[in-house]
Amino acid sequence: MSRDHRRFAPSRAGRLGGVPKVASAFLVLALIAGLWLGDPAQAQETRIIYPGSMAVTGFSGTVIPDFDSSDSEKGGLPPGVDPVDETFIDTARATLRVFDVSSLGGPASGQLVHTPPPFEVTSGQIGQVFGLTYDDGMRDGVPSGIPNLYAGATSLHGIRIVTPDADDDSRPERQRRGMAGAAFMEGQFGTENGGGPGTIWKVDGITGQVAKFADIDTNSGPGIGNLTFDPIHHQVFASDLDTGLIHRIDANGALVDTFDHGVAGRPAHGLAPVTDDGAVMDIQGAAFDTEDPETWGYTQDERRVWAVAYHGGRLYYSVGEKVEIWSVGIARDGRFAGDSRWELTVKADKDYAVTDIAFDDSGFMYLAQRGPVENRYDYSQFADSGKGEVIRYFRENPDDPATESVWVEAPQEYAVGFPQGFRQSAGGLDLQYGYDAEGDLDTSACTRTLVNTGDKLRDNPALAERLAAGGPLAVHGVQITPRELVKPANVPPFGSWFVDFDGYFEDPEVEGHVGDVAVWHPCEGRAGYYEEIPGGYLPPFYPPDFPPPGNLPSCLDVDDVRYFCTPHGLEADLYLHDHAGFGGDSIKAQSRTPGVGVTSPMSHAPGKPYTIGITGHHPGDTVDVGLCFYRKSDKDKGGYYPCCKMTLPLRTPAVSCER
């Protein structure tokens, strides 16, 4: 039976109650309509996004149009008509909410948190959306400190199609199978505002105004996997579930270029290339079945990119349901660097897609699974829930040469929700600031809290009595957990807080109705591990005794230098250019600045940047680094070998990497 989820509004319990499951209950919806809030997309006077603001996506709910019409010929339902056949997406309800979670009302005890009414964007405006990202708040080239929010169209909350009204009840006819004249149901993709399955929407962080940001018009229906923002080059990346491409989109919403993992990525790990099979979602074809995602036109699993996350000068992304995490570098000019790298194969109990990736300021990588796509005709289930995990990986320190990956082999796992197994992930996660002992936001503590979406988060009959003290049990929304509470800690998760997506608590059986979550957590003055930080360099100079024996020409130049904080301190990636064809493939690095140490942990890196570590300097200092550029084969012969020498003045970032 369909569920009609209602918006946040006062009730006897402080929230709006739900609707009974029987067909006659649809009449109740009309009677309580007067309790609803006003325009859900009405912006606050100054801004809608603050540090710590938590955006969440989810299914917008359902309604029977004109059920309560004063026209007796249109009101109600004739005898024998199944209410589900006349139930449609509620276009007046929100599919995107931005919550104020700055005060959680006390220490965590597994309780439901009652937040102020959230800012809302309706499905009538943008359709159903999943993936979220914020930009950095640059407006006309000037930092504003208030970001914009982006949301991508999705099929993860089901696909519904209709044909024109045939029984004169002022409602179109719902269809389970494709047929001539079929169209997407209103509220599916925001078609009223020119949206489609490849649309990325932009919500202004100051005014709340919603506009179409970009459109991948080749997407036939599968929608966008997820989004991420690159603050270095001010661009957005979006994964395309139809083709498997990752699209690079500039700050104005123009599609610049694409990266094809199936063709350009897989061979980097010894895998055969896989091109897109050209399948599309044809809702007017007889093969299309709303309840069979295999007919929806998703690209093949081997090339299907779900999550994307920009971190440390690279774009990380997840592929397939037997999930692999890959990355590709982003070049100085913002283009894909073409240096695809397999990172790891996810170790989880189930081969479920990873639909979200996030990094904390220590460089830990967090992954959220979402169960396989489903689409029940009665709107009850959009994913197979109850087994999705939230896990995190961290880098081996030092790297273990016996393992293929630089990441630890076994991830840490979080308890998600109270049902047995504690694996209720709905596929979204992000990092939040820390919270103090009273549950108040501490913006001085960056990325100290994990937020993740989930189904049935407070539903466990064995713990019902204890859980009842903390609010309703049927909570589909977000779990908020201190990031250090990995299993076996926090099992069951009484060390967490919970936020419901839509304020409706009488739907314990629905699955997959919640989507992604994203938090605005700027960390000014703080550098995250493995996160690119701004610095620079001056033109290199050569020693007085140059050229060395053999009359070698000035053989080396510098294309770029990028800085990162690591657990070992500041590291710099040097992009060197052998413009004279000297053929060097190795470096030795030595400090020319007294009191400063320089090491070269990666001395032999043909085709890759050379990494050096810098210690003992003051942030913002210029450090002179002496480099010897040589051929490893020459050195291995023993004795004298040619070496191109130069000194590179590095302007270190004005940010400390110390913790």
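A few remarks follow.
- Helical mean residue ellipticity (222 nm; -39500 (n - 2.57) per DSSP H run of 4+; nearest 500) of the chain: -500 deg cm²/dmol
- Net lengthening on full extension, residue 378/residue 85 (0.36 nm per residue, minus Cα-Cα): 104.6 nm
- Added length on full extension, which subtracts the Cα-Cα distance from 0.36 nm per residue, residue 284 to residue 577: 100.0 nm
- Partners for residue 645 among aspartates and glutamates (Cα-Cα distance below 19 Å; same-chain residues under 8 apart left out): 545, 557, 559, 560, 573, 578, 585, 624, 634, 636
- Stretchable slack from residue 412 to residue 165, in nm (0.36 nm times residue separation minus alpha-carbon distance): 83.7 nm
- Annotation for residue 588 and residue 256: the two label points, set 7 Å from Cα along the Cα-Cβ direction, are 4.0 nm apart.
- With a Förster radius of 22 Å applied to the beta-carbon distance between residue 234 and residue 211, the computed FRET efficiency rounds to 0.80.
- Our summary gives the chain a relative contact order of 12 percent, counting only alpha carbon pairs under 8 angstrom and 6 or more residues apart.
- Three-way shape label, the stretch 423-526, alpha-carbon gyration tensor, a/c 1.5: prolate
- On a per residue basis, the chain carries 39 Å² of accessible surface, using protein heavy atoms and a 1.4 Å probe.
- Placing pseudo-labels 7 Å out from each Cα toward the beta carbon at residue 403 and residue 647 gives an inter-label distance of 4.2 nm.
- Reachable lysines, given that their alpha-carbon falls under 25 Å from the alpha-carbon of residue 212 and they are not under 8 places away in the same chain: 202
- Spatial separation of Cα centroids for the stretch 365-379 and the stretch 597-659, in angstrom: 47 Å
- Using the alpha-carbon positions of the chain, Rg (one decimal) and Dmax (whole number) come out as 27.0, 100 Å.
- In this structure, the residue pairs whose Cα-Cα separation is over 29 Å, taken from 608/637; 322/632; 350/487, are 322/632.
- Distance (nanometres) between label positions extended 7 Å along Cα→Cβ at residue 218 and residue 193: 2.6 nm
- On the beta carbon distance between residue 351 and residue 140, with R0 = 60 Å, the FRET formula returns roughly 0.85.
- Per-residue SASA remark: residue 186, around 100 Å² accessible (1.4 Å probe; ligands, DNA and RNA not included).
- Here r is the Cβ-Cβ distance between residue 636 and residue 557 and R0 is 41 Å; the resulting FRET efficiency, rounded to 0.05, is 0.95.
- To put it simply, the accessible area of the chain at a 1.4 Å probe is 51 percent carbon and sulfur.
- Among 579-591, 500-512, sorting by the average number of other beta carbon atoms lying within 10 angstrom of each residue, highest first, gives 500-512, 579-591.
The values are calculated or read from the model by the stated rules, or taken from the named source; none is laboratory data. Owing to the predicted nature of the structure, the values given are computational and were not obtained by experimental measurement. Here Cβ is always computed from backbone atoms with ideal geometry, including for glycine, and neighbour counts include all displayed protein chains. Each accessible area value is taken on the protein alone, full model and side chains, heavy atoms only, with ligands, DNA and RNA left out. Shrake-Rupley method; radii C 1.70, N 1.55, O 1.52, S 1.80 Å.
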